[in-house]
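The values are calculated or read from the model by the stated rules, or taken from the named source; none is laboratory data. Keep in mind that what you see is a predicted model, and the values were worked out from it rather than measured. All Cβ positions, even for glycine, are placed from backbone atoms using ideal geometry, and neighbour counts span all protein chains on display. To get the accessible areas, we keep the full protein, side chains included, count just its heavy atoms, and leave off ligands, DNA and RNA. Shrake-Rupley method; radii C 1.70, N 1.55, O 1.52, S 1.80 Å.
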Amino acid sequence: MNKSHGYGGVFNHETPEDKAIVEVSTANEWRRAVASEFGLAVGEPEQNPHDPPDCFVQFSGRRLSVELVQLINPNHKRCTSNGESPYMQPLFEDMQWTKCRLISELNELIRNKGEKYQQRGIQIDVLLIHTAETWLRFDMAKEWLDTISIRPHRNIANAFLLFEYEPGRGTKCWPVSFLYGDLISEKNAG
């Protein structure tokens, strides 16, 4: 599971059983994070054996579908799997994040997932994008995300970006950003 020498390590898996455990664990971390950050009372994830979606959660008396997708650069993961270090040139330089890169990759990820759901006639309530990119930190990303809008897809009602745990933030939960949707406004209206 550590073939990529730690790159994206918290979300790595080898078997479908491992993947299911990682998905439920990640959805649980998201649930704790949105409770802490936004005051959303989301129920425990229930694994869906007929993926997609990956799981379901209860929220305000409704059963929401939750689909997880990892924001990770496959070329960088391949390079680290081949022994390159994310802390040395040339990979280090290529792995650095900019506002344009983050926005572009998030929009592309949402569009690609949304198109797949549209082709299959599926509506997803929550797209949970999770990341463990080595050089992408929550505070930096939040600053960028606060100044722009992510393009929603009609087949994905809400989108969140969840980061792996960052020590020193003064909170026990993983950092999370709300990208778009109506869950936050529903909570505030209720």
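Which count do you get for residues in segment 10-23 that are surrounded by fewer than 15 Cβ atoms within 10 Å (Cβ to Cβ), without any contact (Cβ under 8 Å) to a residue 12 or more places away in the chain and among the charged types (D, E, K, R)?
Taking segment 10-23 first, the residues surrounded by fewer than 15 Cβ atoms within 10 Å (Cβ to Cβ) are 13-18, 21.
Checking the rest, the ones that are also without any contact (Cβ under 8 Å) to a residue 12 or more places away in the chain come to 15-17, 21.
Then drop every residue that is not among the charged types (D, E, K, R), which leaves 17.
Looking only at that region, the number is 1.
Identify all residues within segment 123-140 that are at pLDDT 95 or above and hydrophobic (A, V, I, L, M, F, W, C); write none if there are none.
Correct list: Ile124, Val126, Leu127, Leu128, Ile129.
Please return the ranges of helices (runs of 4 or more DSSP H) entirely within segment 72-190 where 1 or more residues are within 21 Å of Phe56 (Cα to Cα).
On the way: elements: 74-81, 91-94, 99-120, 138-145, 183-189.
Per the criteria, 99-120, 183-189.
Among the residues of segment 66-103, how many are within 16 Å of the chain's Cα centre (by Cα) and modelled with pLDDT under 80?
Total meeting the criteria: 2.
Name the single residue, out of those in segment 24-48 being polar (S, T, N, Q) and within 19 Å of Phe138 (Cα to Cα), that is least open to solvent (accessible area, probe 1.4 Å).
Thr26
When both residues are 6+ apart or on different chains and their Cβ atoms are under 7 Å apart, which pairs have a first residue that lies in segment 133-151 and is touching a residue at least 12 places away in the same chain (Cβ under 8 Å) and over 20 Å from Glu37 (Cα atoms), and a second that is among the β-branched types (Val, Ile, Thr) and buried (at least 19 other Cβ atoms within 10 Å of the Cβ)?
If the second residue must be among the β-branched types (Val, Ile, Thr) and buried (at least 19 other Cβ atoms within 10 Å of the Cβ), the pairs left are Glu133/Ile72; Arg151/Ile110.
Checking the conditions here, which among Leu128, Leu106, Leu183 is under 13 Å from the mean Cα position of the chain (by Cα), touching a residue at least 40 places away in the same chain (Cβ under 8 Å) and either under 17 Å from Val42 (Cβ atoms) or exposed (fewer than 14 other Cβ atoms within 10 Å of the Cβ) (or both)?
Working: Leu106 fails: either under 17 Å from Val42 (Cβ atoms) or exposed (fewer than 14 other Cβ atoms within 10 Å of the Cβ) (or both); Leu183 fails: under 13 Å from the mean Cα position of the chain (by Cα).
Of Leu128, Leu106, Leu183, the one residue that is under 13 Å from the mean Cα position of the chain (by Cα), touching a residue at least 40 places away in the same chain (Cβ under 8 Å) and either under 17 Å from Val42 (Cβ atoms) or exposed (fewer than 14 other Cβ atoms within 10 Å of the Cβ) (or both) is Leu128.
For segment 49-60, what are the residues that are surrounded by 12 or more Cβ atoms within 10 Å (Cβ to Cβ), assigned to a loop (DSSP other than H, G, I, E, B) and not polar (S, T, N, Q)? Walk me through how you get there before you give the answer.
Keep residues of segment 49-60 that are surrounded by 12 or more Cβ atoms within 10 Å (Cβ to Cβ), which gives 51-60.
The next check asks that each one be assigned to a loop (DSSP other than H, G, I, E, B); those that pass are 51-54, 60.
Of everything in segment 49-60, those that are surrounded by 12 or more Cβ atoms within 10 Å (Cβ to Cβ), assigned to a loop (DSSP other than H, G, I, E, B) and not polar (S, T, N, Q) turn out to be Asp51, Pro52, Pro53, Asp54.
Which pairs do you get when a residue that is at positive phi, found in segment 59-83, comes within reach of a residue that is surrounded by fewer than 18 Cβ atoms within 10 Å (Cβ to Cβ) and modelled with pLDDT under 90, reach meaning Cβ atoms under 9 angstrom, with the pair 6+ apart or on two chains?
That search, which allows pairs on different chains as well, returns Ser60/Glu186; Ser60/Lys187; Ser60/Gly190; Gly83/His5.
Given the criterion in a strand (DSSP E or B) and among the basic types (Lys, Arg), identify the matching residue among Arg32, Arg63.
Working: Arg32 fails: in a strand (DSSP E or B).
Only one candidate passes the filter, namely Arg63.
Can you name every residue in segment 151-180 that is among the β-branched types (Val, Ile, Thr) and surrounded by fewer than 17 Cβ atoms within 10 Å (Cβ to Cβ)?
Of the residues in segment 151-180, the ones among the β-branched types (Val, Ile, Thr) are 156, 171, 176.
If the condition is that a residue be among the β-branched types (Val, Ile, Thr) and surrounded by fewer than 17 Cβ atoms within 10 Å (Cβ to Cβ), then Thr171 is the only one that fits.
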